[in-house]
1. Restricting to segment 32-46, and then to whatever is in contact (Cβ under 8 Å) with a residue 24 or more places away in the chain and more than 20 Å from E105 (Cα to Cα), can you tell me which residue is farthest from the chain's Cα centre (by Cα)?
2. Enumerate the pairs (first residue in segment 110-125 and under 14 Å from E13 (Cα atoms); second residue anywhere and of a type in the set (S, T, Y) and in a loop (DSSP other than H, G, I, E, B)) with beta-carbon separation below 7 Å, excluding pairs fewer than 6 apart on the same chain, so at least 6 apart or on different chains.
3. Please go through segment 109-142 and give me each residue that is in contact with a helix residue (DSSP H, G or I) (Cβ under 7 Å, 6 or more places away or on another chain) and either under 22 Å from I23 (Cα atoms) or in a loop (DSSP other than H, G, I, E, B) (or both), ordered by number.
4. Residues being surrounded by fewer than 16 Cβ atoms within 10 Å (Cβ to Cβ) and either within 14 Å of the chain's Cα centre (by Cα) or within 18 Å of K45 (Cβ to Cβ) (or both): count how many of those fall in segment 106-131.
5. If a residue must be touching a helix residue (DSSP H, G or I) at 6+ places or on another chain (Cβ under 6 Å) and of a type in the set (G, A, S), how many such residues does segment 90-108 contain?
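Rule-based calculations on the coordinates, nothing more; no lab input. Bear in mind the structure is a predicted one, so any value in this text is a computation, not a measurement. Glycine also receives a Cβ, built like all others from the backbone with ideal geometry; neighbour counts cover every protein chain displayed.
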Amino acid sequence: MTIYLNDDRNYSEIIEGWVREFICSMDEGRLRPGNDSGDAPFGVKIIFDGYADLETYDENNEYVYEEGADTTVMSFAVFVHKDSLDNEFPPHEQTPWALIHRPKEEVCIYVWYDESTDDIEVIPFEDNGATELDHKLVTDLIFAIKQRDDE
């Protein structure tokens, strides 16, 4: 079920298309969280966020894969910066285990992909407090990026 919280436009179809393109072009094999090897629209950053139920770290805070674990359900983070329409995505500051999100400048939209069913679920950014930007502005920006790339 698609939820429309800030207006009646469904941006999830656009995000789904971006993530599908990213998946088709990303590195093959097991990925580490933070991998951004796939293609994304100019000004947008997409990263692999992890596998479902595999959030395991060792004593050195290194990501560990469990033998035999299901890696068919993957999480992605789609970042759209307030300047994404006209500029390259500005690099994030990082800690040893994560990047530092800038909610005053960008939105982070989480996406789940189930490889076994080819289903994608876009989590509405309005539901997770992933930005301090005006929600209508974010939706307008997503549609403007799509229109720019379609021309």
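1. Going through the qualifying residues, I end up with R32.
2. Close Cβ pairs (under 7 Å, with a partner that is of a type in the set (S, T, Y) and in a loop (DSSP other than H, G, I, E, B)) amount to F125/T131.
3. So the first thing to find is which residues in segment 109-142 are in contact with a helix residue (DSSP H, G or I) (Cβ under 7 Å, 6 or more places away or on another chain), and the list is 109, 111, 113, 120, 122, 125-126, 131, 135, 138, 142.
Scanning segment 109-142 gives I109, V111, Y113, I120, V122, F125, T131, I142.
4. Just the residues of segment 106-131 that are surrounded by fewer than 16 Cβ atoms within 10 Å (Cβ to Cβ), to begin with: 114-119, 121, 127-129.
Restricting the remaining residues to those that are either within 14 Å of the chain's Cα centre (by Cα) or within 18 Å of K45 (Cβ to Cβ) (or both) gives 121, 128.
The qualifying residues number 2.
5. Here the count works out to 0.
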